[in-house]
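Reading through the structure tokens given below for one structure.
The values are calculated or read from the model by the stated rules, or taken from the named source; none is laboratory data. These figures come from a predicted structure and were not determined experimentally. Quick reminder, even Gly has a Cβ in these numbers, built from the backbone with ideal geometry, and neighbours come from all protein chains shown. With ligands, DNA and RNA removed, areas are computed over all heavy atoms of the protein, side chains included. Shrake-Rupley method; radii C 1.70, N 1.55, O 1.52, S 1.80 Å.
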Amino acid sequence: MATTVLVVEDEKEIRELLRRYMERAGYAVVTTGSGAEAIRLLGDGSVDLAVLDLGLPDVDGEEVLREAHARGGIPVVVLTARSAVEDRIHGLRLGADDYVTKPFSPTEVVLRVQAVLHRAGAASGAPGAPAAYGGGRLRIDEVRHEAAWDGSVVDLTPTEWGLLTALASVPGRVYSRYELVNRVQGYEFTGYERTIDSHVKNLRHKLGSDGSGVVETVLGVGYRLGLTRDQ
């Protein structure tokens, strides 16, 4: 599956600019302007690297950085307006893997991310071999941009494909509608969250009579993939 980058930046224009550049580079991207939300996302096991602005409105970015370091050493590229050498050293001592000062080129940020992932031995973001779930019943081939159920290719819209691959990135993990909209469509407005229900319904229909067991509803929370990934 594609490497997932979490972009934590309170300025929406910068956040969306980084999203676009990261997605062009082949990464799955989750964004948030909240430090508290970032800490929650870092703890769910789906994030491979974080691009983190230290100047967040709700939680000190340094606290988010410490959490990333504590949760299995998730690599972090820090964004900050603080350019003094002492500030950089302080951030690196807290666990930052690289440091980019504002204003910056989004291309530079992508290159820093690629370098950090390479050093960390993480996936480069390029799709790998097809992934299989549920004893081979579901197969997702990111190279071919193709999903198959019980050996038959399923014709998915771009949104349905994004929804399925997002759920499959961490099987069994529950994703809220907000997260799925954020990952699949790039919207951060609550008014779009319920559109996910329609896409889930269509995806389940295409998966046949077992569709509700593949994409499970967790009442009051969201959705999860009801299959385990094959070893």
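Here are the numbers for the structure shown:
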item: Tally of residues being under 15 Å from Lys102 (Cβ atoms), without any contact (Cβ under 8 Å) to a residue 40 or more places away in the chain and within 16 Å of the chain's Cα centre (by Cα) across the range 27-84; result: 1
item: Contacts under 9 angstrom Cβ, first residue in the range 203-217 being farther than 10 Å from Val154 by Cα and among the hydroxyl-bearing types (Ser, Thr, Tyr), partner open to solvent by less than 40 Å² (accessible area, probe 1.4 Å) and assigned to a helix (DSSP H, G or I), 6 or more apart; result: Thr217/Val200
item: So Gly186, is it touching a Lys or Arg at 6+ places or on another chain (Cβ under 8 Å), at pLDDT below 85 and either among the hydroxyl-bearing types (Ser, Thr, Tyr) or not in a helix (DSSP H, G or I) (or both); result: yes
item: Matching residues in the range 171-183 - criterion: being assigned to a helix (DSSP H, G or I), open to solvent by less than 30 Å² (accessible area, probe 1.4 Å) and in contact with a helix residue (DSSP H, G or I) (Cβ under 7 Å, 6 or more places away or on another chain); result: Leu180, Val181
item: Count - residues of the range 151-166 that are touching a helix residue (DSSP H, G or I) at 6+ places or on another chain (Cβ under 8 Å) and either of a type in the set (Phe, Trp, Tyr) or surrounded by 13 or more Cβ atoms within 10 Å (Cβ to Cβ) (or both); result: 8
